[in-house]
Each structure stands twice: as structure tokens, then as C-alpha cells.
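Here's the structure we're looking at; comments come further down.
The values are calculated or read from the model by the stated rules, or taken from the named source; none is laboratory data. Quantities reported herein were computed from a predicted structural model and do not represent experimental measurements. Backbone-built Cβ (ideal geometry, glycine too); neighbour counts: all protein chains shown.
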């Protein structure tokens, strides 16, 4: 597969002046642009039970939402009202859509969420809203008019709607008409509203993850507590008498506080937890494992024959430097790597397609690691796709 690339886009300037600061319109920066998905294919995905999708009907304050999976016949009964079909994580199912992520990998992989794809008829949209994450909105086909507005927060009033978080007040500050290949970057908490101009409007939203403080604390503490022993309890040898037995003394508070913060402050434990947490699949219930498990002999033969490996777009890969090696995290699992394993782990995290060089292909530990990842469904041999 040929991965799309940018031409003339200054990453350094973007990160310095725009990332998480202000919107930016990027007029068709692709070396060549071709819409990677047909509307019928998107509709087909919305009919699948394992794919998250929504259909938004109406506009201008009268939106109704239907959740997938959608019946195929539903699309023939849409009528004349503006409509928008939104399908999450299309990159997990369509390699050509997954390839759109490659030019944005100047942002670390662990921050990337997925590519949502929308198809809208004339006037279709989801109303003025804001998100808690960064997004690049790529116009795939047709045209969409985007307006961006004020900075929003918890105090921003919303319209009463059970399904959509629509802003009660939208103050547009800029407006652009996007044509195929154009990109609009929108930082977190910036109000924006996109409306299809004409039919056949497809937009690809490359979204990023931004864990909240409460989310990090909650899940990290849950992980710590699961490993703790019930007999790890408060002790106070050498306790002194108090003037008032009703007081919780400063010494006691210091001991109690230390019991809590000692675990929370363990950077190594946090790193290992976060590596697994951040690579947990978006949809862990989807089974990507191969029908026939691989054995190490089969893996060795294919590697010796030069068969390349490809990553499953639905899988997440990261590594953390650890001592004299790295810890490789794939779909929530940790693999300590050193020597040839470490070289392979770094290459795997950097490349979506990997031809394993002979010196690594002959390593038994590399072969075993590849076998585990193949049987998890995280990678595949190119000829087997």
C-alpha cells in the first residue's frame, strides 16, 4: 500500500504556533489526493454489529439520532431531510483509511485515537459543538462549510438533547469552504460546526486521545489496588501519648499519607501500567486472532523466505525505555525486550510494514515474539492478508 504524504507542510511551525492553541486551515497539502472510501462501503460498515455508527437526521436544532447497526434498507428511506452518517474507527477495517494516519505521526502514536468517517447529504451536519481532543478534519469528497468559534469549557451552556452535546450559543469567528484534500485542524474545546454543501460530502476525522486527570488516577489506582495485599496495614510503633485522644495527629497523618503516596509516586509502576493502558484496543471485544495459530517453525520459514509483516490497524503499539532494553506494549500486553528483541520492537513501533532483516529473522527470541503477536492478531504476514 502507498501511504499518502504531505508536500510543503511545515510541521515545526504547526507544532509551535497552532497545536492545542488555535485552528488552522491547510489547503490540500497532499502530494496527490484520492478519496479512499466509497459512500456505499461506509454504509456497509454501518450495518455491521461490531462497528460503532450513528445516523443523524435533520439540522438547525431538530436533530434526531439513530445508533447502529443500521439495516441496509434504512438508507433507502432517508427522505429529503439532511442526514449525516458517522462511523467510528473505520481505519480498523479499511487499510486505505488507516493510511491517512501516517502523515500525522509527528504526534506520538499513543495520542492517536482513530479515524471517524462521515457522509452527509446537502445541509447535513451534527450542529455546533466542541470536543475535548484535537482533530484533523480531512475533506474526502464533496464540500463542507466549516465555522469555528469561541473557546468552550464546563460552563458553556448546552441545548437539551439526549444524544448530542450541542452548544446553546455559537459565536463564529472564522468560516471556510473545504474542498477534497483540504484539512481543518481544530484544537480541544474550540467550538466548530460543519455543514455539507451539496450531496456526496465525506469527511475523515483523525482524532486524538487526551486522558483526563480523573481517568488516569482512577485506572492507575484500580491497577495498584488489584496487586495489594490486605495485610499491608498502618503501623505506628513508638506512638506517643496525646493530650486529646480525639485528635488525628500530624505524625499519624504523615504515616497515612506516605502509605498512599509511596505507591502513587512509583514512576516505574506507573510507566508499566500506562504502557498497557494506553495500548488497550479501542474495541477489545473484537476478535482478530487467526483461525489457525502459528507455530515457531512456520514463523521461521516465512521470515527466512523474506515475507514482510504488517500491523493490524486496530492494534496499538508503543515502547518504553527500561534499563538496558525496552518494554514493548501491544494491545495492553507487555513484552520485555533486549538485544535483537529490542531492535525488532523499535522497528515494529516505527513502521506499519516491516521486512525483517536476516540477522533478526534468525533470532529464536524474535521468532517467538513474532509468533505471540501473530497469534494475538496484532500483526500478520503480508502474503496471508
Kindly provide the set of residues from region 257-281 that are in a helix (DSSP H, G or I), out of contact with any helix residue (DSSP H, G or I) (no Cβ under 8 Å at 6 or more places or on another chain) and over 19 Å from residue 323 (Cα atoms), ordered by number.
257, 258, 259, 260, 261, 262
Across region 147-163, the tally of residues that are crowded, with 17+ Cβ neighbours inside 10 Å and in contact (Cβ under 8 Å) with a residue 60 or more places away in the chain stands at 1
Per the list (1) at pLDDT 95 or above; (2) surrounded by fewer than 21 Cβ atoms within 10 Å (Cβ to Cβ); (3) farther than 15 Å from residue 203 by Cα, residue check on residue 135 breaks on (3)
Over region 28-49, the set of residues part of a loop (DSSP other than H, G, I, E, B) and loosely packed, with under 14 Cβ neighbours inside 10 Å is 31, 32, 34, 38, 49
Condition check: closer than 28 Å to residue 104 by Cβ and either in contact with a strand residue (DSSP E or B) (Cβ under 8 Å, 6 or more places away or on another chain) or part of a helix (DSSP H, G or I) (or both). Does residue 374 satisfy that?
yes
Which numbered condition trips up residue 277, out of (1) more than 16 Å from the chain's Cα centre (by Cα); (2) within 30 Å of residue 112 (Cβ to Cβ); (3) without any contact (Cβ under 8 Å) to a residue 60 or more places away in the chain?
(1)
Scan region 235-256 for residues that are out of contact with any helix residue (DSSP H, G or I) (no Cβ under 9 Å at 6 or more places or on another chain) and either in a loop (DSSP other than H, G, I, E, B) or within 19 Å of residue 320 (Cα to Cα) (or both) and jot them down.
237, 238, 241, 242, 243, 244, 245, 246, 247, 249
In region 282-300, which residues are surrounded by 11 or more Cβ atoms within 10 Å (Cβ to Cβ) and either assigned to a helix (DSSP H, G or I) or on the phi > 0 side of the Ramachandran plot (or both)?
296, 298, 299, 300
Could you please let me know if residue 199 is in a strand (DSSP E or B) and at pLDDT below 95?
yes
Hits in region 52-77 - residues which are at negative phi and exposed (fewer than 14 other Cβ atoms within 10 Å of the Cβ)
62, 64, 67, 71, 72, 73, 76, 77
Breaking point among (1) farther than 30 Å from residue 159 by Cβ; (2) within 24 Å of the chain's Cα centre (by Cα), for residue 8
(2)
Residues that are within 20 Å of residue 109 (Cβ to Cβ) and either out of contact with any strand residue (DSSP E or B) (no Cβ under 9 Å at 6 or more places or on another chain) or in a strand (DSSP E or B) (or both), drawn from region 351-371:
353, 354
In region 304-314, is there at least one residue being in a helix (DSSP H, G or I) and assigned by TED's automatic domain parsing to the domain that holds residue 370?
yes
